[in-house]
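K.L.:
To start, I am sharing the structure in question, which I have written as C-alpha cells.
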Amino acid sequence: MKVINDYRGFKFLKLLTISLFIMGLPAVMPASSEPIFNPQLVISRTNEAIDIDGKLNDPGWKRAAHLSNFVERYPGDNIEPLVETEALVTYDHGRLYVAFICKDDPANIRATMCQRDQFGGDDAVIVLLDSYGDANWAYEFQVNPYGVQKDLLWTNIAGEDSGYDLIWESSAKITDSGYQVEIAIPFSSIRFPSLDVQNWKMDFWRVHPRDSYHQYSWSANDRNQQCWPCQWGTVTGIGDVKPGKGLEVLPSLISNQSGSMQYGDSLISPYDDGKIDGEMSLGGKYSISSDITLEGTYNPDFSQVETDAAQIDVNSTVALFYPERRPFFQEGIDIFRTLFNSFYTRTINDPQFAAKLTGRYDGYRFGFLSAIDENTQYIIPFDESSSIPLNVGKSYVNVLRGIKSLGNYSHVGFIVNDRRFEDDGYNTILGLDENIRLTQKISLDGQYLVTFNKELDNPSKSGFYNYYNFNFDKNTAAFDGETFTGYGLISRLRHNSRSLNFNVTYSQVDPTYRTEIGYDPWVNYRDLSSGTNVNFYPKSGIFERITPRMYMDTRWKYDGEHRWYHVFLGLEGNLRYAQSSFNVNVGRSDERWYGVDFNNLWSFEIDLNSRPSSKIAWYAGYNRSVSPALNQLVKGNEHRLDGSLTLKPIDRMTISPSMSYTISHNPDNSEELYENLVSRTRLQYQLTRALSFRLIFEYRYREVWYKYLDDETEEIVRYNSAMKNSNIFPLLTYRINPFTIFYVGMTGSYNDLGQSAFDGYFSPRYYEYNQDIKRNWSLDNRQFFMKLQYLFQT
C-alpha cells in the first residue's frame, strides 16, 4: 500500500513538471508572429537604475513590459519574420526606456560607424512615437548596431524631415546571437500633453536589409489604410511625468579668415587675404509651460557646415530650392509646414535677431516667428521664369501659424506671413488649409491664399529687371512702389490602398500673386494633374513588387494660353535580389515657352538602384528626350546621365562619389546648345563615436550657347557662356550631441580663368577685353573657419 502511494506521488510530480514546462514554453520558444492590429501595451515605472551601455544587465529592466509579436510588414504582408525580435519598455521619472534584442548571425549584420543621421542601408531598430495620438505628427528614433542615432520628425503634410534633431541616449552591442540596443528618451526632449496618465500611440520596428529590405513591426500593417500612425499600438501606464521645461542656453564662438580675388578691369587681379574675424552668438530656449516653448537667437551663426550639393541648372528658368539645415528652425518645424511652400525658412537669409514661440494644447498647435533679416534675398516671379535673388537690404519678418486637429489624420489651419522692407515695401500672405480624412483610403487636402504686395520704392535694387513687365504688361517688375493683390490655391483628392493609388490635384496662382517668405517661383497659371499606380505583389519569382503607373499634367495661363500638356507611362518595381529596384518612364508632351510652340516632344528614362552588400551600393539613371532648349528657344536632343556609388571599405569609412551630366544638341544642324556636369565625392572617416573627418571635392562645368544679331554685319553671331569650377571642403568635427559641437574646416573655390580652357568658345569681344589672361586654374575664394558651441541645460 505504501508503494502504491509513492508511485501516485511520483506520477503527480511528473504531471506537475510537464504542466509547468508546457506553461513556460512561450518564454523559451520562438516568438509568435500572429498579426495584431492596434495592439495594447501597459508599462510600469522602474525604480532601479538603467545604464545605457547596450548590455541589458541592469536591474531596471526586470519589471519592463515585454513584446515579441513582430510581423514582417514589408515586403511581406504581415507574415512571419526571418529572424526573432524582442523589445522591452519601461520608464522612470525622467526618461522612457526601450531595449531591443535582435537575433541574427553576427557575420551578416550591416552597420556603419558614422556621425548621427548619416547611416543608410544598415540594420536598425526604430521607435515611433505619436505622443498626442492625433496622427498629425510623430517622432522617429532610429539606432544601428553600433548605437549610432538617427532622428526624424514626421508630419501628415510633408512626410519625414531628416533635419530634425533631439537629445537622447542610445547604445548597442553586437553579440554572438545578433545585436541588442538600449535607448533612453528624456521626457524633457519631447512634447506631450500635461496629463496625470499618458496614452501614447507607438510602434516598434526592426529594419533587416539583406537581398530584400525587410521591415518588421510590433503593430500589424493594413495596406488599405492611408493613415500610417493610426495603425500603431497604444502604450499606457506612464504616469506622473512631465514634458520638457526649463532653460537652454546655446552660446557659440565663431572665428574665420576669408580671402578672395579682387576682380577689376581684368580677370588678372590680386588675391586679397582678409583679416581674421571672430564674433559671439547666443541662442536660448525656455519652456514657459509643458506645452509652450519660447526660443530666441541673437547674432546667430547660420553658416552651413554641411554644404549644399550643386544642382544641374543649365536649362532651368527658376531659382533653385535647397533644403533647410539650420538648427534654429527645427523646434516646431512641423507647425509651419503647408502644401504651398508658404514659409520657406531659407528666405530668412541673414538674421541679426530671431525669436520663435511654439505650442501644443488640447488638439491645437500654434507657432509665431519673428526675425530681422540684414540681407534679404528678393525673388521676382514671372509667368515662365523667376529673377535671380536680389539683395534688397534689411527686412522684418513675422509668421503666425495655427492648426486644429480634427481627429486621426485630419486638421484645419491658417497662416499669416508678413515681410516689411526698409525701402517702404511689404509682402503679406493670408492662408487657410485643411487635410480631411474622408474614409480609410481617401483624403482631401488643400490650401487657399491671398497676397498683398507693395514693391520697394528703389529701382536701383531691381537692376536690369527694371525693363521687365508682368500681369500681361499691366505692371512693371521695377521696384517702383506698385501695390497689387494676388490669389492662389491648391486642392488634392488622394486614394491610397494596398493595390490602387491615385490622386487628382488642381492648383492656380494669379499673375499678381507673390510671396517673399515662401517658395513660389512661377505665377499666372492654372494646373490640373492626376496620377495612378497599381501595385502587384508576386508571391514567388524575381519580382517582389511591380507597379505600372500613369501621370498626366496640363497647365494654362489666366488668358487661356496653353503652357503644356504631359503624359507619362511608367513601370517600377523591387527585386528579390541585392535590394535592387528599377524605374522606367516614357513621356509625350507639347509645351509653349515665350510664345514659341514645341510639339511632339518625348522622353525616355530608366533608373536602377542596388545595394548588393554592406560594402557597396550604386545608382544609375539615363534620360533621353527631345525637349525645349530655353537658351535659344529651339528643340534639343538631350541626354542626361546620373550616377552615384557608396563604398565602405571599412565600417568607419564611407566614400560616396556622384555625378550628373546633361548635354543637348540642335537636331537640325548638330550644334551644341548646352552642357552641364556636376561631380561630387564625399569621404567620411569616423575616428571615434564623437570625432570625425569629412572631405568633399566638387567639380562643375557649365556651358550655354547663345545667338545674337550683330548690328554692324547683320549676321547671327554664335557665342557661349562657360564656367569651370572646383571646390574643396575639408572638415574636422567633434560632436557630443546635436548641439554641442566643435568644428574646424576650410572652403576653397578654384575657377579656370585661362583662355585655353574655352579656346574658341567665348565671343571675340571677351578675348579682346581679357588679352592679358595667362593662367588657368586660380584660387577664387577661400575661407578657414572654426566654431565652438555648447548647450547648457537647466
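The values are calculated or read from the model by the stated rules, or taken from the named source; none is laboratory data. Note that the structure is predicted; figures quoted are calculated from it, not measured. Here Cβ is always computed from backbone atoms with ideal geometry, including for glycine, and neighbour counts include all displayed protein chains. Each accessible area value is taken on the protein alone, full model and side chains, heavy atoms only, with ligands, DNA and RNA left out. Shrake-Rupley method; radii C 1.70, N 1.55, O 1.52, S 1.80 Å.
K.L.:
Give me the one-decimal nm value for the distance between modelled label points at THR155 and LEU406, 7 Å along each residue's Cα-to-Cβ direction.
P.N.:
It works out to 1.8 nm between the two label points.
K.L.:
Compare the peptides 595-601, 84-90 by average per-residue count of other Cβ atoms within 10 angstrom and give them in order, highest first.
P.N.:
Numbers: 595-601: 12.3, 84-90: 22.1.
Highest mean packing first, the order is 84-90, 595-601.
K.L.:
Suppose R0 equals 41 Å; then what is the FRET efficiency for SER491 and ASN600 from their Cβ-Cβ distance, rounded to the nearest 0.05? The partial results should precede the final answer.
P.N.:
On the way: r = 32 Å, r/R0 = 0.77.
For R0 = 41 Å, the calculated efficiency reads 0.80.
K.L.:
Please give the length that would be gained between ILE288 and TYR213 if that part of the chain were fully extended, namely 0.36 nm times their separation in residues minus their C-alpha to C-alpha distance (nm, one decimal). It would help to have the intermediate numbers written out before the result.
P.N.:
On the way: separation 75, 0.36 × 75 = 27.00 nm, distance 4.33 nm.
The span from ILE288 to TYR213 would gain 22.7 nm if fully extended.
K.L.:
Report, in listed order, any pair from LYS55/LYS103; LYS62/LYS150; LYS173/LYS787; LYS55/LYS150; LYS557/LYS707 with a Cα-Cα distance greater than 24 Å. Provide the component values of the computation, followed by the final result.
P.N.:
Details: LYS55/LYS103 15 Å; LYS62/LYS150 27 Å; LYS173/LYS787 33 Å; LYS55/LYS150 21 Å; LYS557/LYS707 28 Å.
Over 24 Å apart, Cα to Cα: LYS62/LYS150; LYS173/LYS787; LYS557/LYS707.
K.L.:
Quick one: grab the alpha carbon gyration tensor of the range 332-523, order the square roots of its eigenvalues as a ≥ b ≥ c, and give me rounded if a/c is under 1.5, else prolate or oblate depending on whether a/b is larger than b/c.
P.N.:
Judged from the Cα gyration tensor, the range 332-523 comes out oblate (a/c at least 1.5, b/c at or above a/b).
K.L.:
Assign one of three labels to the range 39-79, namely rounded, prolate or oblate, based on the Cα gyration tensor with a ≥ b ≥ c the square roots of its eigenvalues; rounded applies when a/c is under 1.5, prolate when it is not and a/b is larger than b/c, and oblate otherwise. All intermediate terms of the calculation are to be shown ahead of the outcome.
P.N.:
Numbers: a/c = 4.39, a/b = 2.02, b/c = 2.17.
Oblate is the answer for the range 39-79, as a/c is 1.5 or above yet b/c matches or exceeds a/b.
K.L.:
When Lys and Arg each count +1 and Asp and Glu each count -1, what net charge do the other residues less than 13 Å away from ASP77, Cβ to Cβ, add up to?
P.N.:
Working: positive: ARG73, ARG223, ARG498, LYS539, ARG545; negative: GLU72, GLU80, ASP222, GLU544.
My count for the surroundings of ASP77 gives +1.
K.L.:
Under a no-solvent Debye model with one identical scatterer per Cα of the chain, what's log10 I(q)/I(0) at q = 0.05, 0.08 Å⁻¹?
P.N.:
Debye intensities relative to I(0), on a log10 scale: -0.31, -0.80.
K.L.:
For the chain, take the longest principal axis of its alpha carbons; what is the angle in degrees between that and the long axis of helix 2-28, to the nearest 10 within 0 to 90?
P.N.:
On a 0 to 90 degree scale, this one is about 10.
K.L.:
Might you report the magnitude of the Cβ-based charge dipole of the chain about its Cα centre, with Lys and Arg at +1 and Asp and Glu at -1, to the nearest 20 debye? All intermediate terms of the calculation are to be shown ahead of the outcome.
P.N.:
Numbers: 77 positive and 98 negative charges, 686 e Å.
I would put it at about 3300 debye.
K.L.:
Further question: Run the helix sum for the chain: -39,500 (n - 2.57) per DSSP H stretch of 4+ residues, divided by residue count, reported at 222 nm to the nearest 500 deg cm²/dmol. Walk me through the intermediate numbers first.
P.N.:
Numbers: 2 runs with 33 residues, N = 794.
It comes out at -1500 deg cm²/dmol, rounded to the nearest 500.
K.L.:
All other residues with a Cβ under 10 Å from the Cβ of ILE655 taken together, and with Lys, Arg as +1 and Asp, Glu as -1, what is their net charge? Please report the intermediate quantities before stating the final value.
P.N.:
Numbers: positive: LYS648, ARG682; negative: none.
Cβ neighbours under 10 Å give a net charge of +2.
K.L.:
Taking θ = phi - 60°, what integer Hz values does the Karplus form 6.51 cos²θ - 1.76 cosθ + 1.60 yield along the range 688-694, in sequence order, with x for Gly and Pro?
P.N.:
Karplus values, whole Hz, x for Gly and Pro: 9, 4, 9, 9, 8, 10, 10.
K.L.:
Could you order peptides 116-122, 787-793 by the average number of other Cβ atoms within 10 Å of their residues, highest first?
P.N.:
Final packing ranking: 116-122, 787-793.
K.L.:
I've got another one for you. With a cut-off of at most 13 other beta carbons within 10 Å, and DSSP calling the residue loop, which chymotrypsin sites (Phe, Trp or Tyr not before Pro) in the range 525-591 qualify? Please list them.
P.N.:
In loop regions of the range 525-591 (DSSP not H, G, I, E or B), the sparsely surrounded chymotrypsin sites (Phe, Trp or Tyr not before Pro) are TYR577.
K.L.:
What residues qualify as long-range amide H neighbours of LEU96, i.e. H under 5 Å apart, gap of 5 or more or another chain, H built at 1.01 Å from N?
P.N.:
When sequence neighbours closer than 5 places are left aside, the close amide H contacts are ILE185, PHE187.
K.L.:
Using a probe radius of 1.4 Å on heavy atoms only, what accessible surface per residue do you get for the chain? Whole Å² is fine. Please report the intermediate quantities before stating the final value.
P.N.:
Numbers: 35710 Å² over 794 residues.
Heavy-atom SASA per residue in the chain reads 45 Å².
K.L.:
Could you work out the local net charge near TYR216, counting Lys and Arg as +1, Asp and Glu as -1, over the other residues with Cβ closer than 12 Å to its Cβ? Write out the running numbers ahead of the final one.
P.N.:
Working: positive: ARG73, LYS103, ARG206; negative: GLU72, GLU80, GLU84, GLU86, ASP104, ASP123, ASP203.
With Lys, Arg at +1 and Asp, Glu at -1, the net is -4.
K.L.:
I would also like to ask the following. Over the range 40-239, what lengths in whole Å, largest first, do the semi-axes of the equivalent ellipsoid take, defined as the square roots of 5 times the eigenvalues of the alpha-carbon gyration tensor? Intermediate results must be reported in sequence, preceding the final value.
P.N.:
On the way: eigenvalues 105, 88, 57 Å².
In descending order, the three semi-axes are 23, 21, 17 Å.
K.L.:
Using only the Cα atoms of the range 525-686, build the gyration tensor, take square roots of its eigenvalues as a ≥ b ≥ c, and label the shape rounded, prolate or oblate: rounded if a/c is under 1.5, else prolate if a/b is larger than b/c, else oblate. Could the numbers behind the result be given before it?
P.N.:
Details: a/c = 2.59, a/b = 1.47, b/c = 1.77.
Cα axes put the range 525-686 in the oblate bin.
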